[in-house]
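Chemist: Below is a structure I'd like to ask you about.
The values are calculated or read from the model by the stated rules, or taken from the named source; none is laboratory data. From a predicted model like this one, the values you see are computed outputs, not experimental measurements. Note: ideal-geometry Cβ built from the backbone for every residue, glycine included; neighbour counts use all protein chains shown. Areas reflect the complete protein model, heavy atoms only, side chains present, ligands, DNA and RNA absent. Shrake-Rupley method; radii C 1.70, N 1.55, O 1.52, S 1.80 Å.
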Amino acid sequence: MYRSPGATFDRMRDHQVWLPALCVSLLYGVLAVFALDSTYDQVVHSTFAVALWAIGGAAVAFTLAGGVLSAVTYVLARQSGGDGPWQSTVGLAALISWTTDAPRLLLALFLPAGNPVVQVVGWATWVGCAVLLTTMVRRIHDLPWGKAAGAAAVQLLALLVLIKLPTLG
C-alpha cells in the first residue's frame, strides 16, 4: 500500500479489508488515549474501571469515526461518477487514515504534542494520507485526479480538524 499504491489499489478493488481495518481502528483508538497528554493523565490517575471504559470508548469511537468518514468518501466518489465497490473503499480509507497517522501517534507517546518533531511528523503524515487516500479513490473508482481529491476532501478535512489540529496546535 505504501511502496506501490497504484498497483496495490488496482488489485484491491474487489477485496474486502474489514478485519484489518477494524483491528487497526481499534488499536489506533487505544493508542490515541495514551498519546494525548490530557487523556493520558486522566486515564493513568483513575480507577481501573474508569480507565477501561475510557480506553474501550476511544477504541469504539475511532472505529465508528473511521467507518463514517470512509463512507462519506465512498458516497462522494460515487456522486462524482465513480464505480468502485463500497467494501473496499470504506475498508481501505479507514486503513489509510489510521496507519498514516501512526508515526505521529507513536512519537506522541514519548514526546509532548507541542514538540517540533511531533508536529512536523504530524503534518507530513497528513500530506501522506491525502496522497494515498486520493490515489485509492482514483484507482478504486476510476476517477480523474481532481474528482478523486474532491471525494477524499471531506475525510481529509475532518481528520485535520478533529485529530491533527487539536494535537498539533
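Chemist: Please go through (1) in contact with a helix residue (DSSP H, G or I) (Cβ under 7 Å, 6 or more places away or on another chain); (2) open to solvent by less than 60 Å² (accessible area, probe 1.4 Å) for G56 and return the number of the only condition it doesn't satisfy.
Modeler: Condition (1) is where G56 drops out.
Chemist: Could you list all residues from region 113-161 that are open to solvent by less than 40 Å² (accessible area, probe 1.4 Å), under 14 Å from R78 (Cα atoms) and either part of a loop (DSSP other than H, G, I, E, B) or among the acidic types (D, E) (or both)?
Modeler: L143
Chemist: If you don't mind, another one. Within region 1-59, track down each residue that is within 22 Å of H141 (Cβ to Cβ), free of Cβ contacts under 8 Å to residues at least 24 places away in the same chain, of a type outside the set (V, I, T) and in a helix (DSSP H, G or I).
Modeler: Result: A7, R11.
Chemist: Quick one: which of A77, A93 is in contact with a His (Cβ under 7 Å, 6 or more places away or on another chain), at pLDDT 95 or above and buried (at least 17 other Cβ atoms within 10 Å of the Cβ)?
Modeler: Checking each option against the conditions leaves just A77.
Chemist: Let me ask another. Any residue in region 142-169 that's at positive phi: show its pairings with residues that are modelled with pLDDT of 95 or more and open to solvent by 30 Å² or more (accessible area, probe 1.4 Å) at Cβ separation under 9 Å, as long as the two are six or more apart or on different chains.
Modeler: From region 142-169, the pairs are D142/G81.
Chemist: For region 7-31, which positions are small (G, A, S) and in contact with a helix residue (DSSP H, G or I) (Cβ under 6 Å, 6 or more places away or on another chain)?
Modeler: A21, S25, G29
Chemist: Give me the residue from region 13-49 that is farther than 18 Å from P103 by Cβ, at pLDDT 90 or above and among the aliphatic types (A, V, I, L, M) and, out of that set, farthest from the chain's Cα centre (by Cα).
Modeler: Residue satisfying both the conditions and the ranking: A49.
Chemist: How about region 96-110: which of its residues are farther than 26 Å from Y74 by Cβ and either aliphatic (A, V, I, L, M) or open to solvent by less than 10 Å² (accessible area, probe 1.4 Å) (or both)?
Modeler: Passing the criteria: L106, L107, A108, L109.
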